[in-house]
Amino acid sequence: MTATIIDGKSVAANVRRNCRARVDDLWRRFGASPGLAVIMVGDNPASTVYVRKKIQACADVGIKSHKFLFSATESQDVVIAKIQELSADPDIHGILVQLPLPKHFDLKAVLGAIDREKDVDGFHLYNVGGLVVGETVFPPCTPYGVMLLLDNAGVEIAGRNAVVVGASNIVGKPMALMLMQREATVSVCHVKTRDLAQFTILADILIVAAGCPNLITGPMVKSGAVVIDVGINRLANGQLVGDCDFDAVRKRASMITPVPGGVGPMTVTMLLVNTINSAARSLNLAHEDFVFEEL
Ligand code: NAP
């Protein structure tokens, strides 16, 4: 068997076209323009690249972005004061704090300062709690993007065995909750899981988000499984790889996402979706008043 490639770039491009149309529609019919505030503290090189990509993506679909840079030595109070100011600003529909923050910051306090109605990253406790009961306003972008890839590929979720490798607050745990919401039977594995292969081999849908190259080898994958590789790892030779031994796993799986070009392009795209939805919510538009193709 050779797995079909799930092309995240192409799915993301379609969603972004839809985003552009929705932004135009909001402007034409309601004179509203979605606005995203991006806060970055310090000059972490990876964060700088991510922030640049997010701002470019906003520009591509017509979302107004506003960047606020603070030095790594800035006090938490100053950053929180800016978040509160943005939370009260009606032209801002989404606030995102680029992580990681410098060590002297209390992550919970910073994320908690974001108005939950503008929490487009979906990291506020209110939105995290909403995931548990299936009523989150803003699903976190990476797992949201994975769900869209699965749906777009026509993968049946209800009743299937789903295994999530990685249990972080921003990827693994929300991923597991979203799969549960869709009635998959979900197992979550992490560093302390004994005999990882014993779980992965049962997965009809295997989602890997551990940040360990070659963690998942061919024999660990059930024949015909759908494999979504969220991991992004830079090897010593500069190559970007996921968490799966791609060539070996591809021979076992029925579908697989590549790295790069799989989940990555979806993450920023879902941030755009959440920001546009937030702008529509701020206008109190009923779903049917705000015409757009279902994603
Ligand atoms: P993280 O916070 O470091 O969490 C990694 C998780 O994987 C933890 O739960 C950890 O377990 C678990 N883990 C680590 N090594 C493991 C092993 N050998 N066996 C089983 N579980 C293991 O990372 P993250 O933010 O969730 O990101 C995970 C990966 O996805 C990274 O490579 C990151 O770069 C990538 N990522 C990609 C995107 C994208 O858009 N494609 C977005 C976000 C993240 P413990 O909890 O027990 O420590």
Some residue of the range 194-211 being of a type in the set (Lys, Arg), out of contact with any strand residue (DSSP E or B) (no Cβ under 9 Å at 6 or more places or on another chain) and modelled with pLDDT under 95: no
Is there any pair with a first residue in the range 234-254 that is in the same structural domain as residue 215 (by TED's automatic domain parsing) and a second that is hydroxyl-bearing (Ser, Thr, Tyr) and away from the ligand (no atom under 16 Å from the Cβ) whose Cβ atoms are under 7 Å apart and which are 6 or more apart or on different chains, and what are they? 250/2; 251/2; 252/223; 254/4
For residue 55, state whether it is within 30 Å of residue 153 (Cα to Cα) and assigned to a helix (DSSP H, G or I). yes
Tell me yes or no: at least one residue of the range 251-268 is open to solvent by 60 Å² or more (accessible area, probe 1.4 Å) and of a type in the set (Gly, Ala, Ser). no
Matching residues in the range 269-279 (open to solvent by less than 10 Å² (accessible area, probe 1.4 Å) and more than 16 Å from the ligand (Cβ to nearest atom)) number 4
For the condition at pLDDT 95 or above and within 11 Å of the ligand (Cβ to nearest atom), what is the one hit in 187, 168? 168
Give 209, 176 a once-over and let me know the one that is within 9 Å of the ligand (Cβ to nearest atom), small (Gly, Ala, Ser) and surrounded by 19 or more Cβ atoms within 10 Å (Cβ to Cβ). 209
What number goes with the only condition from (1) among the basic types (Lys, Arg); (2) in contact (Cβ under 8 Å) with a residue 40 or more places away in the chain; (3) surrounded by fewer than 15 Cβ atoms within 10 Å (Cβ to Cβ) that residue 54 does not pass? (3)
Can you say whether residue 231 is within 9 Å of the ligand (Cβ to nearest atom) and either assigned to a loop (DSSP other than H, G, I, E, B) or of a type in the set (Phe, Trp, Tyr) (or both), as far as the supplied structure shows? yes
Any residue at all in the range 260-274 that is over 27 Å from residue 46 (Cβ atoms) and not in a helix (DSSP H, G or I)? no
Filtered residues of the range 61-119 (kept if of a type in the set (Asp, Glu), open to solvent by 20 Å² or more (accessible area, probe 1.4 Å) and under 17 Å from residue 35 (Cβ atoms)): 85, 89, 91, 115, 117
Quick check on this structure: which one of 133, 49 is surrounded by fewer than 13 Cβ atoms within 10 Å (Cβ to Cβ) and either under 21 Å from residue 209 (Cα atoms) or of a type in the set (Phe, Trp, Tyr) (or both)? 49
Here are 240, 196, 215: which of them is open to solvent by 10 Å² or more (accessible area, probe 1.4 Å) and in contact with a Cys (Cβ under 7 Å, 6 or more places away or on another chain)? 196
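The values are calculated or read from the model by the stated rules, or taken from the named source; none is laboratory data. A quick note: this is a predicted structure, and the numbers were derived from the prediction, not measured. Neighbour counts are summed over all protein chains in view; Cβ atoms, including those assigned to glycine, are modelled from backbone coordinates with ideal geometry. Ligands, DNA and RNA are excluded from the accessible area calculation, which covers all protein heavy atoms including side chains. Shrake-Rupley method; radii C 1.70, N 1.55, O 1.52, S 1.80 Å.
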